[in-house]
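Presented below is the structure to which this report refers.
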Amino acid sequence: MESRIWKHPWVVAACNFALVMAIFSLSRVFYFVTHQADYPDVTGSHFWELFFGGMRFDLTALLYLNSIYLLLELFPLRIRQNERYQQVAQWFYWIPNSLAIIVNCIDMVYMQFTGRRTTMAFFTEFQNEGNLAHIFFTSMVQYWYVTLFAIAMIVLLVLLTRRNVETDDNRHPIIYYISETAILLVSIYFVVIGIRGGFGAFTRPITLSNALAYTNHPNETNIVLNTPFAIMRSSEGKVFPDLQYFSADKAEQIMSPLHPAQQGEMTQKNVVIIILESFSKEYTGHYTPFLDSLSAKALTFNLSLANGRKSIDAMPSILSSIPMLITPYILTPYSTNDVGSLASYLGAKGWQTAFFHGAPNGSMGFQAYARSCGFDAYYGKDEYNNNADYDGYWAIWDEPFLQFFGQTMTAMQQPFMTTVFTATSHHPFQVPKQYEGIFPEGTHPLHKCIGYTDNALRKFFDYAKQQPWYANTLFVLTADHTNVLTTPEYNNDKGRYEVPIIFFDPQMDETLRTKERHFPVAQVDILPSVLAYLGYDEPYFAFGEDVVMQDKAHPYVVNYNNPVFQIFSDSLLLQFDGKDVTAVYNFVNENNTNYENNVAMLSYLQATIQQYITRMKSNRLTWTKE
């Protein structure tokens, strides 16, 4: 009797499900051990809180993935005892779980660059990339220990799978079908509870934000969650929740993205926006000697922040003053909304406009966005037309492409507005052969690439200084996002967004350049600041504010640190999950505080969220009288 119970399909299925749960738990330990430096505040006891909290999300994801296998094992059919039937069932167990292990392990590498679990947005973001297989196999070698772990877990899955389902059942058919149907129905009941995270009319299925219940900091959700769960949950539901905190008029009073026209005549200056791939502020002063020297002669800020953690977050933030909140704008159904940009605003005034990115045309959706927001021309790898300078992975090496950028501008009619997006300072962290061993290796392979791009930038400015357009040009330099952070000073919820924002004009007034500015700035502030600097004489739409010509009217920066919203002042960071304030940090004094004395910060954050979602859904991202 004991032998028969041990071989019952329900018991076999339960054992196999417990096996894959154990593998995912082991993966969580492996991830934490190999990335412990990213979580300096996670103590041993807190890790076990995260560990056991994560099992709740493993349960949901794995019940989804194993639903067909469980149904095959539990459906009341005597054919279940057939050897061929069991072989089919095992493949429905092995294939989805092996894929889940692979995806989870891939994200152990990818998360260190994005700062968050991969979601469905990844597949849209990289749908036009033709080199992902090459990059994937390179990463398998570079991160060999993760590859070996994934292989070991899949081998463990196959070897420890229970296969010995009972082969003899002499129960009367009526008794057999009644008892087996009862087992199936009870199992379905508990599977539903597991998938939803609870049962009842007032229990909502668990989502990514539920991971916050176990964490002290939002980045710790990466330990709690697993990638299959993140992908599944991000593929369902609304892009934006319905968050209404104020009446429409009240929200507009607190935070309005509508900016009135300035009085006076516009300055006919060229505008050059340089977006540097992965130039975290942590790297300045160490691996960026040219950028440091340029900053000494330019307008910079004590606290400057990105509005997102990915390259596709940067373009709308910098060029259209549309931040990334919840989901990258380019990947939402609202990406076809009418939007303005520096290209469209200045293009309408006679500026010639062009966007440059050395990757294959169509990469990252940059070409489509550049066209949608009004650039006259796009220059990519196709227009560069020399594969000898291709890095073999992402794009043309930065040094030759920045020279191409400068030469193309020399042939353009002034005034012009251009943007270039560099590419070399990116995984798999290589530099041209002639530069191997030239730049400081630092503590991470990325650091030598930062040095290479900084030198390429120096050579670009050496060329630009000799051109007739240089003296009449405003250069704005920033990074798209941060990357691998190696020091405790930056490896936190503030440092993960700190990037340089630099305004350099060879003719900038010294008083304007050196004026103290005691407020945080962000990428979304670039557009209104450029327009204010030029004396733009039309009203426009922007979520940011002018930070060059005047003090910031609302001295805050808003961004999204999945799964919480963040707002910064000059000394405070407030985090908000859409319903409640989850934390307030004083990052100057390095302690926690209460938000009761910061109601204005919270109100501005809530109004920004409401304006963003409401205007996104109603296609009101351009200036209109209201």
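Observations on the model:
- Overall, the stretch 431-503 carries a charge dipole of about 220 debye about its Cα centre when +1 sits on the Cβ of Lys and Arg and -1 on the Cβ of Asp and Glu, all other atoms neutral.
- When the charge dipole of the stretch 241-297 is built from unit charges on Cβ atoms (+1 for Lys and Arg, -1 for Asp and Glu) and taken about the Cα centre, the candidate among PHE246, ALA296, ALA261 whose Cα reaches farthest toward its positive end is ALA296.
- Nearest-10 value in Å² for the accessible area of TRP91, using the 1.4 Å probe: 140
- Computed extension length for LEU160-THR207: 13.8 nm, one decimal, from 0.36 nm per residue of separation with the Cα-Cα distance subtracted.
- Filtered GluC sites (Glu not before Pro), the stretch 504-555: DSSP coil and at most 14 other beta carbons within 10 Å: GLU516
- Accessible area in the full protein assembly, largest first, 1.4 Å probe, for LEU325, LEU258, LEU77: LEU77, LEU258, LEU325
- ASP580 accessible area, assembled protein chains, probe 1.4 Å, Å²: 90
- Taking all protein chains together, TRP94, TRP48 sort by accessible area into TRP48, TRP94, largest first [probe 1.4 Å].
- Across the chain, Cα pairs under 8 Å and at least six residues apart give a relative contact order of 19 percent.
- Cα-centred dipole magnitude for the stretch 404-547, charges only on beta-carbon of K, R (+1) and D, E (-1), debye, nearest 20: 520
- With a threshold of 25 Å on the Cα-Cα distance, the over-threshold entries among LYS459/LYS515; LYS250/LYS552; LYS310/LYS617 are LYS459/LYS515.
- Exposure rank, largest accessible area first [MET409, MET549; 1.4 Å]: MET549, MET409
- Candidates ILE183, MET364, PRO428 compared by Cα position along the dipole of the chain: farthest toward the positive end lies ILE183, with charges placed on Cβ.
- Of the solvent-accessible surface of the chain, computed with a 1.4 Å probe over protein heavy atoms with every protein chain present, carbon and sulfur atoms account for 58 percent.
- Reported label for calculated Rg and Dmax of the Cα atoms in Å given (1) 30.1, 93; (2) 27.3, 95; (3) 26.4, 83: (2)
- Extension gain, ALA18-ASN586: 0.36 nm per intervening residue step, less the Cα-Cα distance, totals 200.1 nm.
- Segment ARG171-PHE51, length gained on full extension (0.36 nm per residue, minus Cα span): 38.9 nm
- Distance between modelled label sites at ASP382 and ILE102, nm, 7 Å Cα→Cβ extension: 3.1
- Among GLN523, THR138, ILE438 - extreme Cα towards positive end, dipole of the chain, charges at beta-carbon: THR138
- Proximal charge balance of ASN337 [Cβ under 15 Å; K/R count +1, D/E count -1]: +3
- Dipole magnitude for the chain: about 1500 debye, using +1 per Lys or Arg Cβ and -1 per Asp or Glu Cβ, origin at the Cα centre.
- Environment charge of TYR287, counting only residues whose C-beta is closer than 12 Å and scoring Lys/Arg +1, Asp/Glu -1: -2
- Solvent-accessible area per residue for the chain (1.4 angstrom probe, square angstrom): 42
- Mean-position separation - Cα centroids, the stretch 45-76 and the stretch 453-532, in angstrom: 47
- DSSP beta bridge pairing in the chain, given as percent antiparallel to the nearest 5: 50
- Mean Kyte hydropathy of 0.0 or more with a Cα span along the axis of at least 24 Å, helices from DSSP in the chain: 9-34, 44-65, 83-114, 173-196, 599-617
- Rel. contact order, % - alpha carbon contacts under 8 angstrom, at least six apart, the stretch 298-427: 24
The values are calculated or read from the model by the stated rules, or taken from the named source; none is laboratory data. On a predicted model such as this, the values are computed, not experimentally measured, just so you know. Quick reminder, even Gly has a Cβ in these numbers, built from the backbone with ideal geometry, and neighbours come from all protein chains shown. All accessible areas refer to the heavy atoms of the entire protein, side chains included, with ligands and DNA or RNA removed. Shrake-Rupley method; radii C 1.70, N 1.55, O 1.52, S 1.80 Å.
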